Amino acid sequence: SLDISGDIDVDGTTNLDAVDIDGAVQLDATFTVGANDQGYDVTLHGDTAARNVVWDSSADSLIFSDNAKAVFGAGSDLQIYHDGSSSIIRDAGAGNLRIWAEDFSLQKSDGSEAMIYASPDDSVILYYNGSVKFFTTSTGAAITGAVKPTTYQETYVASSAASTVTLDLATA
């Protein structure tokens, strides 16, 4: 047992089997956990119970528990997290959420079904149940299937002031 109340200055390598530090720690050089192909898990505990971030070496993954957020920006502008029920990408700051990509694809969570596809200088495609329903073209847009507006308003000009014009859209 060694009890030291002053400073310790150690030059060289110090091998310790276990370290329990109850105060602040300052590292002035590289901090490494494990070795290449021989990693260890690292847990960062949050101030709220069970809100941890874990580097899981066996999964080669940084794992965030529910409600532990990956936060970006000086004002916590961008947040990515799972709240226990839903996965959330939240743009909570000034400006717009911009996704820069050569091609953009939004798919079902298992990748089995397309929902939206966009490509620069080409189509934007919307799908229903994996089938193309709407896509843009160089001259406008194309729709597959019926178009059923929930409201319809037709503007027309009467042939003369004394006559009445009736349009029956159901019979064309």
Seminar exercise, completed: Taking alpha-carbon centroids only, region 1-34 lies from region 64-106 a number of Å equal to 37 Å
Seminar exercise, completed: On the accessible surface of the chain, probed at 1.4 Å with all protein chains in place, carbon and sulfur together account for a percent value of 50 percent
Exercise. Over region 1-80, what relative contact order in percent results from Cα pairs under 8 Å that are six or more residues apart?
Worked result: 14 percent
For this session: Run the numbers on the chain and let me know its relative contact order in percent, using alpha-carbon pairs under 8 Å that are six or more apart.
Result: 7 percent
Problem set entry | Residue of Y81, Y117, Y152 that the Gaussian network model of the chain assigns the largest fluctuation, springs spanning Cα pairs under 10 Å | Y152
For this session: Which order do the peptides 135-148, 24-37 take when ranked by the mean count of other beta-carbon atoms within 10 Å per residue, highest first?
Result: 135-148, 24-37
For this session: Considering only D22, D110, D66, give the residue with the highest GNM mean-square fluctuation for the chain, with springs between Cα atoms whenever their separation is below 10 Å.
Result: D22
Exercise. Gain in length, Q153 to D103, computed as 0.36 nm per residue apart minus the alpha-carbon separation, to one decimal in nm?
Worked result: 14.3 nm
Exercise. What full-extension length gain, to one decimal in nm, is calculated for S61 and A29 as 0.36 nm per residue of separation minus the Cα-Cα distance?
Worked result: 9.1 nm
Problem set entry | Rounded accessible area per residue of the chain, 1.4 Å, Å² | 87 Å²
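The values are calculated or read from the model by the stated rules, or taken from the named source; none is laboratory data. The shown structure was predicted, so the numbers you read here are calculated from the model rather than taken from an experiment. Note: ideal-geometry Cβ built from the backbone for every residue, glycine included; neighbour counts use all protein chains shown. To get the accessible areas, we keep the full protein, side chains included, count just its heavy atoms, and leave off ligands, DNA and RNA. Shrake-Rupley method; radii C 1.70, N 1.55, O 1.52, S 1.80 Å.
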